[in-house]
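Colleague: Structure below; questions to follow.
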């Protein structure tokens, strides 16, 4: 069989696998957005079945055959085809070493675990979630024994979300970042500038929040003919191909910023997926390359753009015309209030500066868990202690503490660091974007966000998962990941807001 | 292998097949309720893939083996196990004769055809839908050549939805029914009683309609922890097992009755599915037995119950307290207005009396199509002519004519007659229900619908698809299907409403 014929065959195979993934995605989305309560058990079995089928696709003899066939020919392939085969191989090897029945059992467990987490959070009772979390962790450790790992177990988990990232590298980058944040935070604490954001805590109906969020998303370039916005406990983005990319949010009547900025954040993820070129669909590369790069997009939109002066030069008058609650608020007051620095309990509602400290806490706890240095029963206490130590605030209950995020319920250990990596990548991209388009923020001021969108599309989105994150950031900016851009960005921004000079 | 071991094996097999069906159902529901526009093509492929997998389950060598194994032992099996094997066999034989690639192609086509129908209806342009409808009909005819048929081709299509029903039988029953309706209709036309229902055409917001529908559904016994209500172009019920049974409706601001009665109707379907006993899940029998029996439940709730005096004795004061639009309306006016007889264009909004004529028109057109006596291009004209002839009204465009129902877009030919069969079954059940509980409607007057629900659950719902429809109606009422009960019911009801005595 010729290379071309075999390529056709492998693409057909991957395409079918993607159809199954899309179906699984829809079922999963429904579980989180609209499923009635009593369906939990039956739905967990459906997810278990579909995941079992997915497992078969990823680990089949056919895939083994493809890998063996292409191994001697990798250098004859196009960049895309080569990446496609490598990705297929990575999936095969990552999963083939886990026995199928253990994998299936885990998938069913993780569905139930998510439901338990939701209930525990609602009832503010960690004990409901604890046995599931323990089992999820045990499974993750067991899996690492099957797959093997370089360095520590946690190194391997990090690598799942951001290939090549290690504990050693993160300790270094996060160290540098933490020093800078702490220094800046101390300056802010002694600043005489006090920011009032009480007007955001007036009453805003769900409907008016929703309408404004949709208005902003449209301006950002989120395509409502290829997506929609729903409600869930915790906001997320999910895509079934590039033509159906959905986001969710959660509305709080007495907090104007929460749903709005979560929509902008998820919108950043979603635009990335919507921009994936059609010709990457069916290659296994038709999606964002890594969690870190994905977060760079969401956090670029949320913070670098969505909390910038230029952005609100355009959107503030619109907000004022819609919300009588803002009628006495000046632009300066508004801009400062969306950028208020205030150490707090909830990661997703943290300010841009202290946000990374929330991530670092989770990173440190995950390290403890996978180095076997802690019992699950002790996690709520450790969580609360770290919050007190780093942020100076202490959760009064587990719902605003350890139960706030859903990530651990489905075993996404190693994911959290991506949020901070996203900050670093994003600021590095910003530098290049402005170099390429010095007037880009003038356009934003006029409500034209298209240059931003097109730059991200051309430089990031259009590549899908063809290049590894480390290669991509170099391809885009001409240099390796470097924390200095984000640190400079933070210093410039907050020096002005808090009059620190 | 012992009978018991083999039974365990076959149940495991059917259970897995049901998990796939549930996943397919969720994907299908999403297509109809929330899918963004641009996803149509990709989603059609997903549905095609899943249906292909379903096809494999239904027609596998394993199923063939099960059938051969149990064939000599059918009489040793319990009622349920025997029905389970027979159902498995029926599915195998119905589908095995269709070549897999043709079947898959058809499923993809029918997804696209549904989308085309939706667009055609929206744009009021039959020509958009026409090529799809032609292909769907061609496929249906082609399939009948593979599967073979007794009597006419249309007999076979009827049999799919209501086993044992033939064109000969329907010609007879529908003839009897039509004579009775026409006679009654003529009396009504010459009655001096004129009913005013203009107050229903005031403005009712979607939100207030929705709240009231949910209130009524709860009282009916629809379990919101095992279902939910969404919006779609055409109302429908869909279930993924018995723990997730969803209904949809469509709100019209200037027609109070539309969404309300469609919710009561779909609620009747949904309660049937929610009441299926857990031990029928995983047998292939854990669902309503036929379309006709299903419609008997939906139409029982919608008309026999939902348009009765007793029902509104309780719900009218509630409606009055919610809707200021009804403040000057008396109970008698309200009751007559929900039972107004007025030949009209839209089946789903037709009154209880003329409704069956809408069904008979579709029945006659379907006969023409499958007897090859008509071209698709002529259907809109024939449709309009028949409406003029039987109902005295003529559609001014195809959206309120031939494009109004989605049934033909996915090839559900032979389904429509079920709606009228449901009327007949329902009235026959009513007779027995009152015999068993002479005070049942007194309870309904007090807002207690539980006796009705429990009677239907005990007599109909709990059996799932274990008995054939003809056996079930005999089991329940002690006699075969008989049109006289429905005819008597209609005469009694309308004689009073229109003062015909």
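The values are calculated or read from the model by the stated rules, or taken from the named source; none is laboratory data. What you are looking at is a predicted structure, and each value in this text was computed from that prediction instead of being measured. So basically every Cβ, Gly included, is an ideal-geometry build from the backbone, and we count neighbours across all protein chains shown.
Colleague: Confirm whether residue A:261 is closer than 14 Å to residue A:212 by Cα and in the same structural domain as residue A:477 (by TED's automatic domain parsing). Explain how you work it out, then say what you get.
Modeller: Values: closer than 14 Å to residue A:212 by Cα: yes; in the same structural domain as residue A:477 (by TED's automatic domain parsing): no.
Against the criterion (closer than 14 Å to residue A:212 by Cα and in the same structural domain as residue A:477 (by TED's automatic domain parsing)), residue A:261 does not qualify.
Colleague: Turning to a different aspect of this structure: Would you please list the contacts, defined by Cβ atoms under 6 Å and residues six or more apart or on different chains, that run from a residue in the range B:433-455 that is under 20 Å from residue B:475 (Cα atoms) to a residue that is at pLDDT 95 or above and not in a helix (DSSP H, G or I)?
Modeller: B:451/B:437; B:453/B:221
Colleague: Pairs needed: first member in the range A:172-187, in the same structural domain as residue A:421 (by TED's automatic domain parsing); second member anywhere, at pLDDT 90 or above and exposed (fewer than 14 other Cβ atoms within 10 Å of the Cβ); C-beta distance under 9 Å; at least 6 residues apart or different chains.
Modeller: A:176/A:484
Colleague: Shifting gears a bit: Could you look through the range B:44-86, keep only residues that are under 17 Å from residue B:5 (Cβ atoms) and not in a helix (DSSP H, G or I), and pick out the one that is nearest to the other protein chains (Cβ to nearest Cβ)?
Modeller: Only one residue tops the list, namely B:78.
Colleague: With in the same structural domain as residue B:252 (by TED's automatic domain parsing), buried (at least 17 other Cβ atoms within 10 Å of the Cβ), over 24 Å from residue B:488 (Cα atoms) and in contact (Cβ under 8 Å) with a residue 24 or more places away in the chain as the only criterion, which of B:286, B:292, B:306 stands out? Please lay out each step first, then the result.
Modeller: On the way: B:292 fails: over 24 Å from residue B:488 (Cα atoms); B:306 fails: over 24 Å from residue B:488 (Cα atoms).
The match here is B:286.
Colleague: Farther than 16 Å from residue B:223 by Cα and assigned to a loop (DSSP other than H, G, I, E, B), is that true of residue B:260? Before you say what the answer is, go through the steps one by one.
Modeller: Values: farther than 16 Å from residue B:223 by Cα: yes; assigned to a loop (DSSP other than H, G, I, E, B): no.
No: the conditions fail for residue B:260.
Colleague: Taking the condition out of contact with any helix residue (DSSP H, G or I) (no Cβ under 9 Å at 6 or more places or on another chain) and touching a residue at least 24 places away in the same chain (Cβ under 8 Å), does residue B:47 pass? Before you say what the answer is, go through the steps one by one.
Modeller: Numbers: out of contact with any helix residue (DSSP H, G or I) (no Cβ under 9 Å at 6 or more places or on another chain): no; touching a residue at least 24 places away in the same chain (Cβ under 8 Å): yes.
Spelling it out, it is not the case that residue B:47 is out of contact with any helix residue (DSSP H, G or I) (no Cβ under 9 Å at 6 or more places or on another chain) and touching a residue at least 24 places away in the same chain (Cβ under 8 Å).
Colleague: Then there is this: What is the number of the single condition among (1) away from chain B (no Cβ under 14 Å); (2) closer than 24 Å to residue A:136 by Cβ; (3) crowded, with 16+ Cβ neighbours inside 10 Å; (4) over 23 Å from the mean Cα position of the chain (by Cα) that residue A:100 does not meet?
Modeller: (3)
Colleague: For the range A:1-17, how many residues are in a helix (DSSP H, G or I) and either within 9 Å of chain B (Cβ to nearest Cβ) or in contact with a helix residue (DSSP H, G or I) (Cβ under 9 Å, 6 or more places away or on another chain) (or both)?
Modeller: Here the count works out to 11.
Colleague: With respect to residue B:218, determine if the residue is over 25 Å from residue B:492 (Cβ atoms), exposed (fewer than 14 other Cβ atoms within 10 Å of the Cβ) and either under 22 Å from the mean Cα position of the chain (by Cα) or at pLDDT below 95 (or both).
Modeller: Working: over 25 Å from residue B:492 (Cβ atoms): yes; exposed (fewer than 14 other Cβ atoms within 10 Å of the Cβ): yes; either under 22 Å from the mean Cα position of the chain (by Cα) or at pLDDT below 95 (or both): yes.
Yes; evaluated as a whole, the condition is true for this residue.
Colleague: Grab the helices (runs of 4 or more DSSP H) fully contained in the range A:400-501, keeping just those with 1 or more residues being under 21 Å from the mean Cα position of the chain (by Cα) and under 30 Å from residue A:131 (Cα atoms).
Modeller: Numbers: elements: A:417-436, A:440-445, A:450-459, A:469-477, A:484-497.
Ranges flagged: A:417-436.
Colleague: Quick check on residue B:196: is it buried (at least 16 other Cβ atoms within 10 Å of the Cβ) and out of contact with any strand residue (DSSP E or B) (no Cβ under 6 Å at 6 or more places or on another chain)? Can you show your working first?
Modeller: On the way: buried (at least 16 other Cβ atoms within 10 Å of the Cβ): no; out of contact with any strand residue (DSSP E or B) (no Cβ under 6 Å at 6 or more places or on another chain): yes.
No, not satisfied.
Colleague: From the list A:273, A:333, pick out the single residue that is out of contact with any strand residue (DSSP E or B) (no Cβ under 8 Å at 6 or more places or on another chain) and assigned to a helix (DSSP H, G or I).
Modeller: On inspection, the qualifying residue turns out to be A:333.
Colleague: If you check B:206, B:201, which single one turns out to be touching a strand residue (DSSP E or B) at 6+ places or on another chain (Cβ under 9 Å) and in the same structural domain as residue B:363 (by TED's automatic domain parsing)? Even if it seems obvious, please write down each step before you answer.
Modeller: On the way: B:201 fails: touching a strand residue (DSSP E or B) at 6+ places or on another chain (Cβ under 9 Å).
The unique qualifying residue is B:206.
Colleague: Here's something else I'd like to know. Exactly one of these conditions fails for residue A:22: (1) within 12 Å of chain B (Cβ to nearest Cβ); (2) within 29 Å of residue A:466 (Cβ to Cβ); (3) over 27 Å from the mean Cα position of the chain (by Cα). Give me its number.
Modeller: Result: residue A:22 fails condition (3) only.
Colleague: Being part of a helix (DSSP H, G or I) and either within 14 Å of chain A (Cβ to nearest Cβ) or surrounded by fewer than 19 Cβ atoms within 10 Å (Cβ to Cβ) (or both) is the filter here; which residues of the range B:224-256 pass it?
Modeller: Kept after step one, since they are part of a helix (DSSP H, G or I), are these residues of the range B:224-256: B:224-226, B:256.
Selection gives B:224, B:225, B:226.
Colleague: Looking only at the range A:25-37, count every residue that is at the interface with chain B (Cβ under 7 Å from one of its Cβ atoms), out of contact with any strand residue (DSSP E or B) (no Cβ under 8 Å at 6 or more places or on another chain) and touching a residue at least 24 places away in the same chain (Cβ under 8 Å) and tell me the total.
Modeller: Residues that pass the stated criteria total 1.
Colleague: With the condition kept exactly as written, say whether any residue in the range A:170-178 is within 26 Å of residue A:25 (Cβ to Cβ), surrounded by 14 or more Cβ atoms within 10 Å (Cβ to Cβ) and out of contact with any strand residue (DSSP E or B) (no Cβ under 6 Å at 6 or more places or on another chain).
Modeller: Filtering the range A:170-178 for residues within 26 Å of residue A:25 (Cβ to Cβ) gives none.
No, the conditions are met nowhere in the range A:170-178.
Colleague: Take the range B:57-67 and flag every residue that is touching a residue at least 40 places away in the same chain (Cβ under 8 Å) and closer than 28 Å to residue B:111 by Cα. Walk me through how you get there before you give the answer.
Modeller: Looking only at the range B:57-67, we keep the residues that are touching a residue at least 40 places away in the same chain (Cβ under 8 Å), and these are B:57-59, B:62-63, B:66.
Passing the criteria: B:57, B:58, B:59, B:63.
Colleague: Another question, if that's okay. Please count how many residues of the range A:189-223 are outside any loop (DSSP other than H, G, I, E, B) and either under 30 Å from residue A:461 (Cβ atoms) or touching a residue at least 40 places away in the same chain (Cβ under 8 Å) (or both).
Modeller: First, the residues of the range A:189-223 that are outside any loop (DSSP other than H, G, I, E, B): A:189, A:198-201, A:206-220.
With either under 30 Å from residue A:461 (Cβ atoms) or touching a residue at least 40 places away in the same chain (Cβ under 8 Å) (or both) added as a condition, the list becomes A:199-201, A:206, A:208-220.
The qualifying residues number 17.
For every residue, the table says whether it meets (1) modelled with pLDDT of 95 or more; (2) on the phi < 0 side of the Ramachandran plot; (3) surrounded by fewer than 19 Cβ atoms within 10 Å (Cβ to Cβ).
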site: A:439; (1), (2), (3): yes, yes, yes
site: A:442; (1), (2), (3): yes, yes, yes
site: A:470; (1), (2), (3): no, yes, yes
site: A:473; (1), (2), (3): no, yes, no
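Colleague: Next question, about the same structure. Only residues in the range A:68-82 that are assigned by TED's automatic domain parsing to the domain that holds residue A:8 and over 24 Å from residue A:276 (Cβ atoms) count as the first member; pair them with residues that are modelled with pLDDT of 95 or more and surrounded by 10 or more Cβ atoms within 10 Å (Cβ to Cβ), Cβ under 8 angstrom, at least 6 apart or cross-chain, and list the lot.
Modeller: Here the result reads A:69/A:6; A:75/A:82, each pair linking the range A:68-82 to a residue that is modelled with pLDDT of 95 or more and surrounded by 10 or more Cβ atoms within 10 Å (Cβ to Cβ).
Colleague: Does residue A:484 satisfy the criteria of being surrounded by fewer than 19 Cβ atoms within 10 Å (Cβ to Cβ), in contact with a helix residue (DSSP H, G or I) (Cβ under 6 Å, 6 or more places away or on another chain) and without any contact (Cβ under 8 Å) to a residue 60 or more places away in the chain?
Modeller: On the way: surrounded by fewer than 19 Cβ atoms within 10 Å (Cβ to Cβ): yes; in contact with a helix residue (DSSP H, G or I) (Cβ under 6 Å, 6 or more places away or on another chain): no; without any contact (Cβ under 8 Å) to a residue 60 or more places away in the chain: yes.
Against the criterion (surrounded by fewer than 19 Cβ atoms within 10 Å (Cβ to Cβ), in contact with a helix residue (DSSP H, G or I) (Cβ under 6 Å, 6 or more places away or on another chain) and without any contact (Cβ under 8 Å) to a residue 60 or more places away in the chain), residue A:484 does not qualify.
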